[in-house]
Amino acid sequence: MNALRSAIGVDIGGTKVAVGLVDGRGSITARAAFPTEPTAGFARAVKRLIEAIEQLLRECGMTPAQLAGIGIGCAGPVNPGAGTIHNPFTLPTWEGCNMVAPLREAFARPVALENDADAAVVGEAFAGAARAFRQIVMLTFGTGVGSGIFLDGAIYRGCDGEHPEAGHIPVDPEGPECYCGIRGCLEVLASGTAIAAAGRPAGFANAQAVFAAAAQGHPLANRIIERAARAVAVAGWTLAHTFMPDGIVLGGGLMAEQFNWFAAFLRQRLASASLVPRNGIQVVPATLGNDAGIIGAARLVLS
Ligand SMILES: [Zn+2]
């Protein structure tokens, strides 16, 4: 493999920054990680990131000139055009900071920045579950519900370049209130946080405990999971009819263990859709796990 066909992929979350050297086939050949520590300030994080990339290059016997570039997927919102981060929720001290310029200066290579959910769908399309699809919707279930939409090889953007937030598709007008401004969106019904909150009054410690109890036939746990799975089916129906994708990819920590619960409801719902080509939309689990962000970020500069 030509060394020029390798790139650095960076996945920045609220708690951890993961860095990988990714080859032209989408494999991570070396990796590093460090805590994000957003309270320690942006300059310190940039310094640690530059050091981590330098260390990786040393380990691999490479120089920056041999890299196709550096791609970054960051917990958003971000402004990909300006290279700036605008995430008051999990990266409050980085507001408006430019992540692209200091890396470009340090390594003299192309640097690209995207929302982490967009990086994840690019990763799954490049080297994971969505390789066979052209029109892809990906939902990522964890603390919240993220979304990435990848159409004909391009990340879908909305007004002002904004990233779509399909996690806030309305599902149940009587549901719990969400910070997005409505009641009963997908995220307040089907995120890990939502499942944990619904189970707390019954003494369940977290979402995993609710799933474990549901597997044992606990009636309330079953109702919570069924409500979440129905929410995924309704939101999936909306996305299916809006984008008519080849593939709906369900990813994130929650789906890594519980894909079958959710996929069954969504597939059953789509099977009754008269306007959707029969078997035209595949519902598949993400296959790259936490690496999707690194691989997708690298792909931004490999292509
Ligand atoms: Zn919402």
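Applying 1/(1 + (r/R0)^6) with R0 = 25 Å to the Cβ-Cβ distance of ASP172 and ALA215 gives a FRET efficiency near 0.55. For SER274, SER6, SER303, the sequence from fewest to most other C-beta atoms within 10 Å is SER274, SER303, SER6.
Between the helical axis of 42-59 and the longest alpha-carbon principal axis of the chain there is an angle of about 70 degrees. Which residues does the label zone of HIS86 cover in region 164-200, counting backbone N under 13 Å from a point 7 Å along Cα→Cβ? Label zone hits: 164. Scaled against 2.2 N^0.38 Å for its residue count N, the alpha carbon radius of gyration of region 31-100 is 1.19. Taking 0.36 nm per residue of separation and subtracting the Cα-Cα distance, full extension of the segment from SER274 to GLU105 would add 55.4 nm. The distance between label points at ALA264 and CYS60 comes to 4.2 nm (points 7 Å beyond Cα on the Cα→Cβ vector).
Dipole of the chain computed with +1 at Lys/Arg Cβ and -1 at Asp/Glu Cβ about the Cα centre; of ILE281, ILE149, ALA43, farthest Cα towards the positive end is ILE281. Annotation for ASP152 and ALA256: the two label points, set 7 Å from Cα along the Cα-Cβ direction, are 3.5 nm apart.
Once both labels are positioned 7 Å from their Cα atoms along Cα-to-Cβ, the gap between THR93 and LYS16 label points is 2.1 nm.
The ratio of the alpha-carbon radius of gyration of the chain to the globular-protein estimate 2.2 N^0.38 Å is 1.02.
Every Cα-Cα pair in region 35-175 was counted, and those over 24 Å apart are 40% of them. In this calculation the C-beta distance from GLU226 to ILE182 is compared with R0 = 25 Å, giving a FRET efficiency of 0.70. Note on the chain: GNM, Cα springs under 10 Å; of LEU186, LEU266, LEU57, the largest mean-square fluctuation is that of LEU57. Full extension of the segment from THR242 to ALA43, taken as 0.36 nm per residue of separation minus the current Cα-Cα distance, would add 67.5 nm. Just the number, please: percent antiparallel of the DSSP beta bridges in the chain, rounded to the nearest 5. Approximately 55 percent, going by the DSSP bridge assignments. The orientation-averaged projected area of the convex hull spanned by the Cα atoms of region 227-284 comes to 3.6 nm².
Among ASP118, ASP172, ASP152, the largest mean-square fluctuation in a Gaussian network model of the chain, built with springs joining Cα atoms closer than 10 Å, belongs to ASP152.
FYI, it's all coordinate maths here, none of it is from the lab. These numbers come from a predicted model, not from an experiment. Note that each Cβ is placed from the backbone with ideal geometry, even for glycine, and that neighbours are counted across all protein chains shown.
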